[in-house]
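Please read the structure below before turning to the comments.
The values are calculated or read from the model by the stated rules, or taken from the named source; none is laboratory data. Keep in mind the model is a prediction, meaning the values are calculated, not measured. Neighbour counts are summed over all protein chains in view; Cβ atoms, including those assigned to glycine, are modelled from backbone coordinates with ideal geometry.
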Amino acid sequence: MGFALNTAGNDVAVGAAVAAVIALIACGALAVTLRRLRAAQRAVLGEQRATDVVSYAVRLEREVTALRDYLDDVAEGLNVRLQSADARLDGAIARRGLVHYDAYNEMSGRQSLSLVLLDATRSGVVLSSISHRDQARLYVKQVRDGKSELTLSPEEEEALRLALLEDA
């Protein structure tokens with residue numbers, strides 16, 4: 001009996017070969033999965049340099065924080081500029097009233113006028129130009145908080161009333 005078949009030894013060898021083939025198939029499947037995972041990671045992280053998702057997330061967090069800080073600084077600067085613009089606008093003409101009339105009842109075409117110019121605080125001036133055939137006179141009266149410091153003519157009162165009715 002020179003050749004005795006050792007079936008137990010053959011069974012072990014066949015089992016080892018089958019296990020090796022299964023391990024090779026598993027390694028191939030894992031290699032494909034790893035290749036797909038790296039491709040997906042490159043799609044997210046870009047091609048710049050090899051990094052992992054955690055490092056990328058940390059870098060992204062730093063960049064977002066820097067961007068937020070920059071935007072906070074810009075917003076603060078805009079608030080300062082807006083407050084400055086608001087302060088300047090409060091002094092601008094916000095209300096006006098105009099009345100044309102014939103000061104001397106001469107049928108001259110209502111050449112006289114009273115013009116009221118007020119800011120947001122209802123302060124400003126009343127300008128009255130009284131026109132006659134050969135001359136014109138200009139009168140200016142100051143207004144504070146919607147009231148004149150001097151007595152106003154009926155036409156000036158009407159112009160002031162029109163200015164105060166206007167939406168600021």
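For ARG110, state whether it is part of a loop (DSSP other than H, G, I, E, B) and in contact (Cβ under 8 Å) with a residue 12 or more places away in the chain.
no
Only one residue in GLU106, GLU155, GLU166 is at pLDDT below 90, in contact with a strand residue (DSSP E or B) (Cβ under 6 Å, 6 or more places away or on another chain) and charged (D, E, K, R), so which one is that?
GLU166
Just to check your reading of the model, which residue among LEU127, LEU118, LEU150, LEU113 is modelled with pLDDT of 95 or more, surrounded by 10 or more Cβ atoms within 10 Å (Cβ to Cβ) and in contact with a strand residue (DSSP E or B) (Cβ under 6 Å, 6 or more places away or on another chain)?
Result of the check over LEU127, LEU118, LEU150, LEU113: LEU127.
Any idea which of ALA87, ALA75, ALA94 is modelled with pLDDT under 85 and aliphatic (A, V, I, L, M)?
ALA87
May I ask you to verify whether LEU127 is in contact with a Phe, Trp or Tyr (Cβ under 8 Å, 6 or more places away or on another chain) and assigned by TED's automatic domain parsing to the domain that holds TYR101?
yes
May I ask you to list the residues in the range 116-148 that are within 41 Å of the chain's Cα centre (by Cα) and basic (Lys, Arg)?
ARG122, ARG144, LYS147
So which residues in the range 68-106 are in a loop (DSSP other than H, G, I, E, B) and either hydroxyl-bearing (Ser, Thr, Tyr) or within 20 Å of SER128 (Cβ to Cβ) (or both)?
Those that are in a loop (DSSP other than H, G, I, E, B) and either hydroxyl-bearing (Ser, Thr, Tyr) or within 20 Å of SER128 (Cβ to Cβ) (or both): ILE93, ASP102, ALA103, TYR104, ASN105, GLU106.
Does the range 96-103 contain at least one residue that is touching a Leu at 6+ places or on another chain (Cβ under 6 Å) and without any contact (Cβ under 8 Å) to a residue 24 or more places away in the chain? First the steps, then the outcome.
First, pick out the residues of the range 96-103 that are touching a Leu at 6+ places or on another chain (Cβ under 6 Å): 96-98, 100.
Now restrict to residues that are without any contact (Cβ under 8 Å) to a residue 24 or more places away in the chain: 100.
Among the residues of the range 96-103, at least one is touching a Leu at 6+ places or on another chain (Cβ under 6 Å) and without any contact (Cβ under 8 Å) to a residue 24 or more places away in the chain, which makes the answer yes.
For LEU152, work out the one condition from (1) touching a helix residue (DSSP H, G or I) at 6+ places or on another chain (Cβ under 7 Å); (2) touching a residue at least 40 places away in the same chain (Cβ under 8 Å); (3) not aromatic (Phe, Trp, Tyr) it doesn't fulfil.
The number of the failed condition is (2).
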